[in-house]
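Visitor: Here it is, the structure, as structure tokens.
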Amino acid sequence: MKAKVSRKAHFNAAHRLFCPDWDQARNQEVFGKCSNPNFHGHNYELIVSVTGPIDPITGFVMDLKVLKDLIQTEVEDVLDHKNLNAEIPEFATLNPTAENIAVVIWNKLRPHLQSALELEVQLYETPRNYVTFNGL
Ligand code: NI
């Protein structure tokens, strides 16, 4: 028997979306307000889900306290109140879109989980816009 367990988390961060090869007019056209050269913030809502077999002894797929602490140290402590472009090495040359942030978060968490567990990251950049990444 498998189940999916999830933990919600939250962080605030600033970013700017742009392609360095384009002028500001083109960046504005493609990325809109998210291309403001002076950066802007989002309230990111994160849902991390882990799917795997239910351990017959504990009844857990994974101890959610462990997952909570992992999200805290690997994601919230690293990204919260940061300028993603300027302060997070992964985004030095990678556009910090919700898609790419979800991939970076997935890559930070994956090494800490048992290989039998599947990992899915959902990242809400706004209450209505969200991205799902599961490693594929
Ligand atoms: Ni934005």
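Values in this text are rule-based calculations from the coordinates and carry no lab data. Since this is a predicted model, take the numbers as computed values, not measurements. Backbone-built Cβ (ideal geometry, glycine too); neighbour counts: all protein chains shown.
Visitor: Using a 10 angstrom Cβ neighbour count of at most 16 plus a DSSP loop assignment to flag exposed chymotrypsin sites (Phe, Trp or Tyr not before Pro), which longest range of the chain is free of such sites? Don't skip to the answer; put the middle values down first.
Guide: Numbers: sites that count: W22, F39, F60.
The reported range is 61-136.
Visitor: Given the -39500 (n - 2.57) contribution per DSSP H run of 4+ residues, what per-residue ellipticity at 222 nm results for the chain, rounded to the nearest 500 deg cm²/dmol? Each step should come with its number before you reach the end.
Guide: Working: 4 runs with 32 residues, N = 136.
Estimated from H runs of four or more residues: -6500 deg cm²/dmol.
Visitor: Taking only the alpha-carbon atoms of the chain, what semi-axes of the equivalent ellipsoid follow from 5 times the gyration tensor eigenvalues under a square root, in whole Å, largest first?
Guide: Working: eigenvalues 209, 36, 30 Å².
They are 32, 13, 12 Å, listed from largest to smallest.
Visitor: If you don't mind, another one. Using a cut-off of 9 Å between beta-carbons, work out the net charge of the residues near L123 (Lys and Arg +1, Asp and Glu -1, L123 not included).
Guide: Numbers: positive: none; negative: E45, E99, E125.
That works out to -3.
Visitor: Between K2 and D69, what is the label-point separation in nm under the 7 Å Cα-to-beta-carbon projection?
Guide: Output for this residue pair reads 2.7 nm.
Visitor: Another one. Please compute the net charge surrounding V78, taking Lys and Arg as +1 and Asp and Glu as -1 over other residues with Cβ under 12 Å from its Cβ. Before the final figure, lay out each step's value.
Guide: Numbers: positive: K82, K108; negative: E74, E76, D77, D80, E87, E90.
Around V78, the charge tally is -4.
Visitor: Turning to a different aspect of this structure: Based on the Cβ-Cβ distance from D21 to T126, what FRET efficiency comes out when R0 is 25 Å, to the nearest 0.05?
Guide: Efficiency for this residue pair is about 0.40.
Visitor: If a helix is a whole DSSP H run, which ones in the chain reach 18 Å or further along their own axis (Cα) and hold a mean Kyte-Doolittle hydropathy of at least -0.5? Present the calculation step by step, with values, prior to reporting the outcome.
Guide: Values: long enough: none.
Counting only whole DSSP H runs, no helix qualifies.
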